[in-house]
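What follows is one structure encoded as structure tokens, with my remarks underneath.
The values are calculated or read from the model by the stated rules, or taken from the named source; none is laboratory data. Bear in mind that the values here come from a model prediction, so they are computed numbers and not experimental data. We place every Cβ from the backbone using ideal geometry, glycine too, and count neighbours over all the protein chains shown.
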Amino acid sequence: MSAQIVNQTIRLLEWNESFRIGVDKVDEQHQRLFAIANRFFDEVAKGESCKTVYDALDQLRDYATEHFADEEALMSVTRFPYFEQHQAAHQQFTDEVQRLRRELFQGNQDLSLELLAFLRNWLVEHILGSDKYAGNYIQERLGNLANGRR
């Protein structure tokens, strides 16, 4: 039994339907963000080399940046009223990940737990809060646009 526990992957984030915002592309990207964040967590938990941990963090940062651009494009097309605030939140996430990465690179290993907590809390709160609100708005607007209404 203990061998099974040792070989299990511990998840930082577990996807479930409560995270679905109703925009398929965004939901798929959120699931991928969870998977990448979990890979990063797994690398830290296993005590992998700094390079492996940095590579996983870089993958998360790069994919988040791509996802944010896609999400912001949908918000722009649908004229989401809180676009600038949402965009600022995305930038704050990216800036914080960069700051924490720099500090890790400079040898501050204690930041691993701070970084993991930040990633988990930010993703959960952002998706369940402002992304859910944006998702409802985008669904409504895209439906209206598809039906010829503005």
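Quick one: is residue 91 surrounded by fewer than 18 Cβ atoms within 10 Å (Cβ to Cβ) and under 26 Å from residue 141 (Cα atoms)? Against the criterion (surrounded by fewer than 18 Cβ atoms within 10 Å (Cβ to Cβ) and under 26 Å from residue 141 (Cα atoms)), residue 91 qualifies. Residue pairs whose Cβ atoms lie under 7 Å apart, separated by 6 or more positions or on different chains, with the first residue in the stretch 123-143 and without any contact (Cβ under 8 Å) to a residue 40 or more places away in the chain and the second crowded, with 16+ Cβ neighbours inside 10 Å and not charged (D, E, K, R), are 126/89. Here residue 23 meets each of (1) touching an Asp or Glu at 6+ places or on another chain (Cβ under 9 Å); (2) aliphatic (A, V, I, L, M); (3) closer than 16 Å to residue 124 by Cα; (4) at pLDDT 85 or above with one exception, condition (3).
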